[in-house]
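The values are calculated or read from the model by the stated rules, or taken from the named source; none is laboratory data. Since this is a predicted model, take the numbers as computed values, not measurements. In this analysis, Cβ positions are derived from the backbone assuming ideal geometry, glycine residues included, and neighbour counts consider all displayed protein chains.
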Amino acid sequence: AQSVTQPDIHITVSEGASLELRCNYSYGATPYLFWYVQSPGQGLQLLLKYFSGDTLVQGIKGFEAEFKRSQSSFNLRKPSVHWSDAAEYFCAVPTGGGNKLTFGTGTQLKVEL
Amino acid sequence: DAMVIQNPRYQVTQFGKPVTLSCSQTLNHNVMYWYQQKSSQAPKLLFHYYDKDFNNEADTPDNFQSRRPNTSFCFLDIRSPGLGDAAMYLCATSRASGGADEQFFGPGTRLTVL
C-alpha cells in the first residue's frame, strides 16, 4: 500500500536560513504527492502537489519540492525561512483507490529569531 | 470567499453525552471528509461522502456517525463520547475523489471530553 514517511519529527532553523523537510514515499508507480501545512489550532492548507511532469514543483509561500524517483523522495524546501513559517508540515499520498489521503506523521518546524 | 466552515470551533462535552459537530462549504464540492486528529498526530480519515454516497473507514468506531443532508452541510455525530475521543475534528472537501484533487480543510473543531 502507498505510504509516506517523514523521518524528522522536529526541526529548528534560524530565520533567514534555508529549510528542507524530508518525505519518503513507498509506491511502485509514480504517485501523486502533496505537502500540507498546519498552523497551530488551524486546519491544513495545501502548499503544493506533484502529479507528473516537471519534477520540481513550485508552491505557495515560496515553497518548492522536488520529486526524486531514484530516492523515493519528495522533499520540501524553502531558501529563506520566515518566522511565520513555524507550523507543522505533512506530506500526503492518496490511498484506498485514491479516495482518501494518508498523511505522514508530520514535521514540527520551529523558527528561531 | 469560498470556504469550509466548522462550528463550533471549540466544543466541551461530558463523558457519554452525545455531541454533534457541523461543517458547511460554499465550494459546491462533491466530496466531504471528516478527519480525527489527536495531539501531535497526523489526521486520520473517519469517513467521507461522495455526493450522497457514504464511505466509512473500516476502523472507524460505531460511536461515530455522519449525516449529509445536502451538498453544503455535513455533520459528525458522536453518540457516546469517551475520553479517548478528545481530539481536533477536521472537515475537508474536494471537487472529486480519485487522488488528484486538492482537499480544502476547515479550521477544525477542538473537542474536549470531561
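Brief remarks on what is shown
- Residue that is within 26 Å of residue B:5 (Cβ to Cβ) and either at pLDDT 90 or above or among the aliphatic types (A, V, I, L, M) (or both), where the choices are A:57, A:37, A:81: A:37
- The stretch B:101-114: number of residues that are touching a Ser or Thr at 6+ places or on another chain (Cβ under 9 Å), facing chain A (nearest Cβ under 10 Å) and part of a loop (DSSP other than H, G, I, E, B): 4
- Among the residues making up the stretch A:73-113, those that are outside any strand (DSSP E or B), of a type in the set (Gly, Ala, Ser) and under 30 Å from residue B:60 (Cβ atoms) are A:96, A:97, A:98, A:104, A:106.
- Residue match in the stretch B:74-88 (condition: at pLDDT 95 or above and touching a helix residue (DSSP H, G or I) at 6+ places or on another chain (Cβ under 7 Å)): yes
- Note on the stretch B:78-96: residues that are over 18 Å from residue B:9 (Cα atoms), surrounded by fewer than 21 Cβ atoms within 10 Å (Cβ to Cβ) and small (Gly, Ala, Ser) total 4.
- The one condition from (1) closer than 22 Å to residue B:45 by Cα; (2) free of Cβ contacts under 8 Å to residues at least 24 places away in the same chain that residue A:53 does not meet is (1).
- Taken over the stretch B:15-66, the criterion of being surrounded by 14 or more Cβ atoms within 10 Å (Cβ to Cβ), of a type outside the set (Phe, Trp, Tyr) and within 25 Å of residue A:9 (Cα to Cα) is satisfied by B:36, B:37, B:42, B:43, B:44, B:45, B:46.
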